[in-house]
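For reference, the structure discussed in these notes is given below.
Every number here is computed from the coordinates shown, using simple stated rules; none is lab data. In this text the structure is predicted, and so the values were computed from the model without any measurement. Here the Cβ positions follow ideal geometry from the backbone for every residue, glycine too, while neighbour counts run over all protein chains shown.
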Amino acid sequence: MPTITVQVPDDLKRRMDEQDIINWSAVARNAFEKQLSNLEFFKEFAKDSTMTEEDAIRLGRAVNKKVGEHYRKIHEKKR
């Protein structure tokens, strides 16, 4: 199996070293696999899309606005 090197901040490394029961190589492999799976899924999902980047940005902004409104209403009801 190939070996790769991952750089982490000193504080993170110190905290990782305190958890000697954790197999950090397995954690990293799982994270890499999950990220690649997500990327492959989205590439497959989007491959036949006719949506432009501008369309996606516009849609994202509209969704963010609606989600924000939704949570503001929920928060106001709790007061």
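Which log10 I(q)/I(0) values, to two decimals, does the chain give at q = 0.11, 0.14, 0.18, 0.23 Å⁻¹ under the Debye formula with one point per Cα?
Scattering profile of the chain, log10 relative to I(0): -0.67, -0.85, -0.88, -1.06.
Run the helix sum for the chain: -39,500 (n - 2.57) per DSSP H stretch of 4+ residues, divided by residue count, reported at 222 nm to the nearest 500 deg cm²/dmol.
-24500 deg cm²/dmol
Among K34, K78, which comes first, second and so on when ranked by fewest other beta-carbon atoms within 10 Å?
K78, K34
Lys pairs in the chain, Cα-Cα under 21 Å, at least 8 apart or on separate chains: how many?
So the count of such lysine pairs works out to 7.
If one takes the longest principal axis of the Cα atoms in the chain, at what angle in degrees, from 0 to 90 and to the nearest 10, does the Cα axis of helix 53-78 lie?
80 degrees
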